[in-house]
Amino acid sequence: IQEGIKMKSKVYFSKDISAEKVLELYKLLGKELKGNVAIKVHSGERGNQNFLKPDFWKPIIEYVNGTVIECNTAYEGARNTTERHKKLMEEHGWTKDFSVDILDSEGPDLVLPIRNGKNITENYVGKNIVNYDSMLVLSHFKGHPMGGYGGAIKQLSIGVASSYGKGYIHGVGNPDNFWTSDHDQFLESMAEAASSVIDFFKG
């Protein structure tokens, strides 16, 4: 809100879901990503084909000359250790054309402060984030049992959080409460964590 006037965000929409249209929409934003660019994607669970594949994102990733980034999960599966996650990213085709960086491949985590956090006041992220000057978040729209609709905010919070940080956000500051925390507080914690990543990149 500026001087009592609500400022509306400009939203671009396309019925054409294609790699070329993604790049066109990005160019419409007029936002130049500088320096080393991190490209946050969802690498895809093993056995789940409902994620957008590397070929779909190839034009935009090459256009901004970015590095594909991910973080390990906090639950058992094919992405909960760096070794397994790297193998899966290779199986899913991410390493064929892109440089890939698992931000929390080695500790310790980087702790980001959260300004005005109501539920959590710090965010644990993969320390390799310090190697990047800007970030482009590429999200697919999905339903999620705890997060509701997964998209850019979830990518910036749970997606950039380290394995420990994911548990910290889910548990609203206590990883031991991963599955039992108050649902509304968990959702608020996700938004708070996302704000710390936005602050980290300073615009």
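The values are calculated or read from the model by the stated rules, or taken from the named source; none is laboratory data. Since the model is a prediction, treat every value here as computed from it, not as a measurement. Every residue, glycine as well, gets a Cβ built from its backbone with ideal geometry; the counts of neighbours run over all protein chains shown. Ligands, DNA and RNA are stripped out before the accessible areas are found, and what is left, the full protein with its side chains, is counted by its heavy atoms. Shrake-Rupley method; radii C 1.70, N 1.55, O 1.52, S 1.80 Å.
Give the range 38-63 a look and list any residue that's surrounded by 19 or more Cβ atoms within 10 Å (Cβ to Cβ) and of a type in the set (A, V, I, L, M), or say none.
Scanning the range 38-63 gives A38, I39, V41, I60, I61.
Does at least one position in the range 141-152 carry a residue that is under 9 Å from the mean Cα position of the chain (by Cα), more than 14 Å from D104 (Cβ to Cβ), modelled with pLDDT under 95 and open to solvent by less than 60 Å² (accessible area, probe 1.4 Å)?
Checked the range 141-152: at least one residue is under 9 Å from the mean Cα position of the chain (by Cα), more than 14 Å from D104 (Cβ to Cβ), modelled with pLDDT under 95 and open to solvent by less than 60 Å² (accessible area, probe 1.4 Å).
Tell me, please, whether a residue that is β-branched (V, I, T) and in contact (Cβ under 8 Å) with a residue 60 or more places away in the chain can be found in the range 157-173. Quick ask: steps written out before the conclusion?
As a first pass, look at the range 157-173 and keep what is β-branched (V, I, T): 158, 160, 169, 172.
Filter again for in contact (Cβ under 8 Å) with a residue 60 or more places away in the chain, leaving 160.
So far as the range 157-173 goes, yes, one or more of its residues are β-branched (V, I, T) and in contact (Cβ under 8 Å) with a residue 60 or more places away in the chain.
When you go through T67, T121, T73, T82 one by one, which is the residue that is of a type in the set (S, T, Y) and open to solvent by less than 10 Å² (accessible area, probe 1.4 Å)?
After ruling out the rest, the residue left standing is T73.
Given the structure, is T81 polar (S, T, N, Q), within 18 Å of the chain's Cα centre (by Cα) and farther than 22 Å from F200 by Cβ?
Yes; evaluated as a whole, the condition is true for this residue.
Condition first: of a type outside the set (S, T, N, Q), assigned to a strand (DSSP E or B) and touching a residue at least 60 places away in the same chain (Cβ under 8 Å). Now tell me which residues in the range 52-86 satisfy that.
If the condition is that a residue be of a type outside the set (S, T, N, Q), assigned to a strand (DSSP E or B) and touching a residue at least 60 places away in the same chain (Cβ under 8 Å), then I69, E70 are the ones that fit.
What are the residue pairs meeting all of these: first residue in the range 183-203, first residue under 13 Å from L156 (Cβ atoms) and polar (S, T, N, Q), second residue in a helix (DSSP H, G or I) and open to solvent by less than 10 Å² (accessible area, probe 1.4 Å), Cβ atoms under 8 Å, and 6 or more apart or on different chains?
What qualifies is S189/S157; S189/I169.
Would you confirm whether or not the range 74-97 contains a residue that is farther than 23 Å from K166 by Cβ and either among the acidic types (D, E) or in contact with a strand residue (DSSP E or B) (Cβ under 7 Å, 6 or more places away or on another chain) (or both)?
Yes; the residues of the range 74-97 include at least one that is farther than 23 Å from K166 by Cβ and either among the acidic types (D, E) or in contact with a strand residue (DSSP E or B) (Cβ under 7 Å, 6 or more places away or on another chain) (or both).
Tell me, yes or no, whether the range 110-130 has at least one residue that is under 17 Å from G167 (Cα atoms) and in contact with a Lys or Arg (Cβ under 7 Å, 6 or more places away or on another chain).
Looking through the range 110-130, at least one residue is under 17 Å from G167 (Cα atoms) and in contact with a Lys or Arg (Cβ under 7 Å, 6 or more places away or on another chain).
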